[in-house]
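> Before I ask anything, here is the structure I am working with.
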Amino acid sequence: MRKFLRELKRRKVYTIAVAYVVAAWVLLQAAATVLPIYDTPDWILKAFTTLLFLGFPVALILAWAYDLSPQGIVRTASLDDHESGSPVSDPGALTGPTETPDNSISLPSGPSIAVLSFRNLSGDADQDLFAQALCGDIITGLTQSTHLFVLTAGAAASLEESGQDTIEIGKKLGVSYLLQGSVQKSGETLRVSAQLLDAANGMQLWSQNYDRQLSAESLFAVQDDIREQIVATLSDLHGVIYSTQSEKNIHRPTSSLNAYECLSVALAYDKYLSEENHLKARESLERAIELDPEFDEAWSHLSWIYTDELVWEFNPLPNSMERALDAAQHAIRLAPKNYHSHWLLSRVYYFMQDQERFLTSSKRALELNSSDGTTLGLIGMYTAFSGEWDRGIEMMSKAKLLNPSYPDYYHVVFGTAEFSRGNYQGALQELQKATIVDWHMLEIFLTASYAMLERKEEAAEHLEKAHQLLEDLGVERARKFLSKTFPFVPEYVDTVIKGLEKAGLQ
């Protein structure tokens, strides 16, 4: 009997039962309110109630038999498959491709993760359901990450219940990372704690507490808020997992890396914009598609690197934008639902000054995943740069809340927005928070902001740095550079040029 009850929990039958009852109750209340308005016969409400009642056992049977995985709806593995203590017999059915130490493989071997049950520390049985539902939501959210392989909800259940430690669980599941956590309620205050562990050694890589005021009315909003923040912090391109992967591989020779490792090296460029890092990123991504010509993520990020040959004038080669457009479109042909590819295509269109296609592609990216911090933040940046300052900054502010590991250049964008409002002191405060070294965009706006505040000595200092970073810098050179970044707001470019002229730019 105990084994059967444990199996009910593992297959999330309890969760489905509670969710069904709540949803049915809401639907009945709505029907009882709305149907009399249209003078519908009593038998319609009775029939509707009967259908909901008959649907309950059907929902429980489906919950028992099937589970939601990154590959779609699959049959749930039986508990006996796991209780033998052996590793998962078919990890591909749970996680997609598995990692291998062979660096010569051509398929991307990205990181994998298992989410352990969140413990209820409250002594309040009602919080068991919340902890279980939050855990399931986090798993679902993580599966949206393009190359993070996520085990299904029940994969670790039997190993946890057998009392094995986290390192042993990680080894038997064959994953790179383990996420564990706890839920504790005191009065109206809820605390959710989460920790990411390296499955190989149990080392804690990240931890965070989320404190929220909880009420019956706010339950689902709190659950969604915490889930969004945990998922974004871990899985977006500026998240803990991708950053950890980058740090492991950044100093290794490109020739020794497999396709996914090449991608992880390239992702570091977005946090450390420089000509040197741009070149390393380009070499890494071109190596990735040599190893795996169907690696969609490598193709889409190549479009980003090729575009920056034009935008920031890093390591320029002929036909930058043609190559960028081809790479982004090829990525989408390989994986039409990869939201990264759609936003990177929108970026190509932005710098080709095709505003309509920029808006269409960015909208599609957000339809596919509106909770990815990197996607939301970068689309917000170009939305702001196109002249929709308030809307763009609102998107970037949400991205910043979703993932505290946002890149430094967010502050440059916030500074440009304050500059657009004539708040030059506010612009300066944001720009000074950016610690990017040798980026001409930052130096230009620092120069213009200091000049507008009549702080001539500081303006001259940053103008000199801008001269060092942009060859033959003059008014027309600066205008050409800024017009690439702000193609739809020429009057804004004029204001920045005015600041540069006040600083002494000839």
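The values are calculated or read from the model by the stated rules, or taken from the named source; none is laboratory data. It should be emphasised that the depicted structure is a prediction, and the values quoted were computed from it without experimental measurement. Counting neighbours? That spans all protein chains shown, and the Cβs are built from the backbone with ideal geometry, glycine included.
> Taking into account only those residues within segment 235-272 that are at pLDDT below 80 and of a type in the set (A, V, I, L, M), which is nearest to N403 (Cα to Cα)?
L237
> Right, another one. Please specify each residue of segment 293-327 satisfying the condition of being surrounded by fewer than 20 Cβ atoms within 10 Å (Cβ to Cβ), modelled with pLDDT under 95 and of a type in the set (D, E).
Answer for segment 293-327, where residues must be surrounded by fewer than 20 Cβ atoms within 10 Å (Cβ to Cβ), modelled with pLDDT under 95 and of a type in the set (D, E): E294, E313.
> Would you please list the contacts, defined by Cβ atoms under 6 Å and residues six or more apart or on different chains, that run from a residue in segment 398-414 that is at positive phi and modelled with pLDDT of 85 or more to a residue that is buried (at least 17 other Cβ atoms within 10 Å of the Cβ) and basic (K, R)?
none
> With the requirement that a residue be touching a helix residue (DSSP H, G or I) at 6+ places or on another chain (Cβ under 7 Å) and surrounded by fewer than 20 Cβ atoms within 10 Å (Cβ to Cβ), what does segment 250-267 give you?
I250, T254, L257
> If you check V74, V34, V58, which single one turns out to be part of a helix (DSSP H, G or I), on the phi < 0 side of the Ramachandran plot and either surrounded by 13 or more Cβ atoms within 10 Å (Cβ to Cβ) or modelled with pLDDT of 75 or more (or both)?
It is V58.
> Scanning segment 177-208 for residues that are in contact with a Phe, Trp or Tyr (Cβ under 9 Å, 6 or more places away or on another chain) and not aliphatic (A, V, I, L, M), which turns out farthest from F118 (Cα to Cα)?
Looking at the filtered set, the residue picked out is D198.
> Shifting gears a bit: Among the residues of segment 322-347, write down those that are touching a Lys or Arg at 6+ places or on another chain (Cβ under 9 Å) and of a type in the set (A, V, I, L, M).
Selection gives A324, A328, L345.
> Just one of T495, T416, T447 is buried (at least 21 other Cβ atoms within 10 Å of the Cβ) and over 29 Å from the mean Cα position of the chain (by Cα); which is it?
Of the residues listed, the single one that is buried (at least 21 other Cβ atoms within 10 Å of the Cβ) and over 29 Å from the mean Cα position of the chain (by Cα) is T447.
> Now, a different point. Among helices (runs of 4 or more DSSP H) lying entirely in segment 165-274, which contain 3 or more residues that are out of contact with any Lys or Arg (no Cβ under 8 Å at 6 or more places or on another chain) and either in the same structural domain as T140 (by TED's automatic domain parsing) or aromatic (F, W, Y) (or both)?
The qualifying helices (runs of 4 or more DSSP H) are 166-173, 219-235.
> Next question. Is one or more of the residues making up segment 472-492 of a type in the set (D, E, K, R) and surrounded by 17 or more Cβ atoms within 10 Å (Cβ to Cβ)?
No; the residues of segment 472-492 include none that is of a type in the set (D, E, K, R) and surrounded by 17 or more Cβ atoms within 10 Å (Cβ to Cβ).
> Let me ask something additional. Would you be able to say whether some residue in segment 358-374 is outside any helix (DSSP H, G or I), surrounded by fewer than 24 Cβ atoms within 10 Å (Cβ to Cβ) and of a type outside the set (G, A, S)?
There is at least one residue in segment 358-374 that is outside any helix (DSSP H, G or I), surrounded by fewer than 24 Cβ atoms within 10 Å (Cβ to Cβ) and of a type outside the set (G, A, S).
> Shifting gears a bit: Out of curiosity, is T416 over 30 Å from Y210 (Cα atoms) and either touching a helix residue (DSSP H, G or I) at 6+ places or on another chain (Cβ under 7 Å) or not assigned by TED's automatic domain parsing to the domain that holds E356 (or both)?
Judged against the criteria, T416 is a match.
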